[in-house]
Amino acid sequence: MTTDSVLDPRDLRHAFGRFGTGVTVVTTRNDAGEAHGATVSAFTAVSLDPPLAQVTLMRDSKLAAYAAARPFAINVLSLSQQDTCLHFAGRPMRDGPAWGTSATGVPVLAGNAATLECRPWNVYDGGDHLIVVGEVLALDITPVPPLLFFGGKFHHLGGLVGGAPWDYCGDGHAAQLASFPALAPA
């Protein structure tokens, strides 16, 4: 384990890569009104009320400049969209990606596992990145497997490992009421 005050960026990137993620492409419009996007693995759900999601974008990227001030879409890629992911990561597809239909007018991709159409809510300093939080205005969900990324490689969902999803947050209000019935409203 590294304990030095100066970390090797490659080691830090490798450590971050040990956290498996889905793969997204964030799309918006450029200054000329054309569709623009980039592959982004740093996506997080933020809030249900209000509906907020965040993406973390390289500070010096064109996408950061556009998405911080314009509506954008978070396209959660499906397993069949590996070529689309690579297209927006700098390896262009011969015929380009397939575009879908948007509820809000922001460019969206076709074939996604989910699509969240957002307007900028707030932007935060994230070092060499910008943390862009968007208010989700529209969404589309398709029951297809997502494209996953772990350890610098693409993956797919495997089998279940047991256990059951929880019905509520173990640290939330409902859990406290279940553990301490005396706190429940009379």
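Sequence gap at least 6, Cα distance under 8 Å: using those rules, report the relative contact order of region 1-59 to the nearest whole percent. The normalised contact order for region 1-59 reaches 20 percent. Share of carbon and sulfur in the accessible area of the chain stands at 58%, probe radius 1.4 Å. The chymotrypsin sites (Phe, Trp or Tyr not before Pro) of region 1-88 that DSSP puts in a loop, and whose beta carbon has at most 12 other beta carbons within 10 Å, are Phe19.
The Cα-based radius of gyration and maximum Cα-Cα distance (Dmax) for region 1-137 are 15.4, 50 Å.
Charges were assigned to the Cβ only: +1 to each Lys and Arg, -1 to each Asp and Glu. The resulting dipole of region 1-59 about its Cα centre is roughly 100 debye.
Here the 3J(HN,Hα) profile of region 12-22, calculated from phi with Karplus coefficients 6.51, -1.76 and 1.60 at θ = phi - 60°, is 5, 4, 5, 5, 4, x, 7, 9, x, 9, x Hz, Gly and Pro shown as x. Per residue, the chain exposes 66 Å² of accessible surface when a 1.4 Å probe is rolled over the protein heavy atoms with every protein chain present. Selection among Thr56, Thr21, Gly37 by position relative to the dipole of region 1-108 gives Gly37 as farthest towards the positive end (Cβ unit charges, Cα centre). In a reduced charge model with +1 at each Lys and Arg Cβ and -1 at each Asp and Glu Cβ, region 8-144 shows a dipole moment near 200 debye about its Cα centre.
Between the alpha-carbon centres of region 31-109 and region 110-164 there is a gap of 10 Å.
The values are calculated or read from the model by the stated rules, or taken from the named source; none is laboratory data. The shown structure was predicted, so the numbers you read here are calculated from the model rather than taken from an experiment. In this analysis, Cβ positions are derived from the backbone assuming ideal geometry, glycine residues included, and neighbour counts consider all displayed protein chains. With ligands, DNA and RNA removed, areas are computed over all heavy atoms of the protein, side chains included. Shrake-Rupley method; radii C 1.70, N 1.55, O 1.52, S 1.80 Å.
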